[in-house]
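Colleague: Sending over a structure as structure tokens; questions will come in a sec.
The values are calculated or read from the model by the stated rules, or taken from the named source; none is laboratory data. None of these values were measured; they are calculated from a predicted model. So basically every Cβ, Gly included, is an ideal-geometry build from the backbone, and we count neighbours across all protein chains shown. For accessibility, only protein heavy atoms count, side chains too; no ligands or nucleic acids. Shrake-Rupley method; radii C 1.70, N 1.55, O 1.52, S 1.80 Å.
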Amino acid sequence: MALRINDEFPNLHVTTDLGEYDLHDWIGDSWAIFFSHPKDFTPVCTTEFGAVAQLADEWTKRNTKVMGISVDGVEEHKDWKGDIEKTAGAKAGFPIIADEDLAVAKALDMLPADAYLPDGRTPAHSATVRSVFIVSPDKKVQLMMTYPMSVGRNFAEVLRALDGLQRTWGQPLAVPANWEVGQDVIVALSLKDDEAAEKYGELDIKLPYLRYAKNPA
């Protein structure tokens, strides 16, 4: 069955270029982002890993750990990081899972169950392994994105989505389209007007079902 939002993220034991981890232990009390790639030493993926490396301070500010996934081995990952750091001008200090047998890709439902990688494989053989998962501290999947090989991911948007998730997690709130930190948020319909006003202060009511609160604490 496909992994869905609010499912528990699989507690896999993984081998990375920085050691071995049980994923739930690695996540700990943090938020986590897992981002996958079809193969090392590929152009778009190199720029994406670089973008993640450049945002290291931003992940730290948000109590968020990041981990890459690629279908090559540990030594390839270590060599590839040299290219990533050279082009990005930033240290790629996050671990990358060596998913040579596709165990992680299959557990996260990024490939068909009967998928395999032939000798002399190319990125096309694992093209669907390009996904992003954001996981909350309770180990639940909060967001999933999948991109084609031809479009590099916008990690500024991943960061914005993380901000929105952290802003609304466990609260009857949502964020609107194009929301940025500090802007007004939407009050959930589970609260009546008087309940929402008591909880969040004066509301900006655009429609009976569209009610903004002034960035409440």
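Colleague: Determine which single condition residue 35 fails, assuming it passes every other condition in (1) at pLDDT 95 or above; (2) within 20 Å of residue 137 (Cβ to Cβ).
Modeller: Among (1) at pLDDT 95 or above; (2) within 20 Å of residue 137 (Cβ to Cβ), the lone unmet condition for residue 35 is (1).
Colleague: Tell me, which residue of segment 59-72 that is open to solvent by less than 50 Å² (accessible area, probe 1.4 Å) and out of contact with any strand residue (DSSP E or B) (no Cβ under 6 Å at 6 or more places or on another chain) is farthest from residue 20 (Cα to Cα)?
Modeller: 62
Colleague: Exactly one condition in (1) part of a loop (DSSP other than H, G, I, E, B); (2) at pLDDT below 85 is not met by residue 125; state its number.
Modeller: Residue 125 satisfies every listed condition except (1).
Colleague: Which condition from (1) of a type in the set (A, V, I, L, M, F, W, C); (2) surrounded by fewer than 23 Cβ atoms within 10 Å (Cβ to Cβ); (3) modelled with pLDDT of 90 or more is the one that residue 102 breaks?
Modeller: Of the numbered conditions (1) of a type in the set (A, V, I, L, M, F, W, C); (2) surrounded by fewer than 23 Cβ atoms within 10 Å (Cβ to Cβ); (3) modelled with pLDDT of 90 or more, the odd one out for residue 102 is (3).
Colleague: Which of the residues that make up segment 145-168 are open to solvent by 30 Å² or more (accessible area, probe 1.4 Å) and at pLDDT below 95?
Modeller: Hits for segment 145-168 are 145, 146, 147, 148, 149, 150, 151, 152.
Colleague: Working carefully through the options 34, 41, find the one that is among the aromatic types (Phe, Trp, Tyr) and surrounded by fewer than 16 Cβ atoms within 10 Å (Cβ to Cβ). Spell out how you get there, then give the answer.
Modeller: Values: 34 fails: surrounded by fewer than 16 Cβ atoms within 10 Å (Cβ to Cβ).
One residue alone meets the criteria, 41.
Colleague: Can you find a residue in segment 85-92 that is within 21 Å of residue 162 (Cβ to Cβ) and in contact with a Lys or Arg (Cβ under 9 Å, 6 or more places away or on another chain)?
Modeller: Yes, segment 85-92 contains a residue that is within 21 Å of residue 162 (Cβ to Cβ) and in contact with a Lys or Arg (Cβ under 9 Å, 6 or more places away or on another chain).
Colleague: Can you pull out the residues in segment 13-56 that are within 14 Å of the chain's Cα centre (by Cα) and among the β-branched types (Val, Ile, Thr)?
Modeller: Listed by number, the residues that qualify are 27, 33, 52.
Colleague: Can you tell which of 84, 134 is under 30 Å from residue 180 (Cβ atoms), open to solvent by less than 20 Å² (accessible area, probe 1.4 Å) and either part of a helix (DSSP H, G or I) or at pLDDT below 90 (or both)?
Modeller: Being under 30 Å from residue 180 (Cβ atoms), open to solvent by less than 20 Å² (accessible area, probe 1.4 Å) and either part of a helix (DSSP H, G or I) or at pLDDT below 90 (or both) holds for just one of 84, 134, which is 84.
Colleague: Can you tell me which residues in segment 1-23 are at pLDDT 95 or above, within 14 Å of residue 104 (Cα to Cα) and not β-branched (Val, Ile, Thr)?
Modeller: 9, 10, 11, 12, 13, 20, 21, 22, 23 - these are the residues of segment 1-23 that are at pLDDT 95 or above, within 14 Å of residue 104 (Cα to Cα) and not β-branched (Val, Ile, Thr).
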